[in-house]
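First the structure, in the form of structure tokens, and then the observations on it.
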Amino acid sequence: MIIRLLDRDSDVAPVPDGGSDAVVITAGSVLPGGRPPGPPAGAEPAGAEPAAEPAQLELSCRTGSNGYQIVSVTGELDIATAELAYSYLSEVIDGRAAPVTVDLSGLTFCDASGLGVLARSARYARQKGRQLGLASARPSLLKIMRITGLDRAFPELHPAAHAYSALIAVPGPGPAGLN
């Protein structure tokens, strides 16, 4: 399933996405009174279609070859999309007993609300006895997570000690019998 959020105050209508087995849910912006955002009513030329806003967040879930649920996050995880993202991740965590990996390679922006979603989701997964891990976090996100201490909730973000041991020379017989 792919979720595209344009604004939190909106109507949601599922539509076929053109051939995959997923349903795309697009949430469009609606102002009080049911009018879409943009120029005031009557300010657009007659017959002109209002331009569609780009998607702020896309979430999709698939099952990896190892049985893990992989949630791909694309776009902006911010105050406007945080609650939807948390709801989606909670549903995935509740859906199967398999561990969940959140692929952040498509995340272009993450504010404090987005970091809160990651922290709340990790806590929720632990409460449910599930594993939730992050993958492919960008260096800028890793830096903010380290500054805030959120990286401690995701041990896979820390390089394992054994990864560094491969870089250190192992004692043994050296050239010409030198040790």
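Numbers at a glance
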read-out: Local net charge near L141, Cβ-Cβ under 13 Å (Lys/Arg +1, Asp/Glu -1); value: -2
read-out: Cβ-defined net charge surrounding A122, 13 Å radius [Lys, Arg +1; Asp, Glu -1]; value: +4
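Bear in mind that the values in this text are calculations on the coordinates, not laboratory data. Since the model is a prediction, treat every value here as computed from it, not as a measurement. All Cβ positions, even for glycine, are placed from backbone atoms using ideal geometry, and neighbour counts span all protein chains on display.
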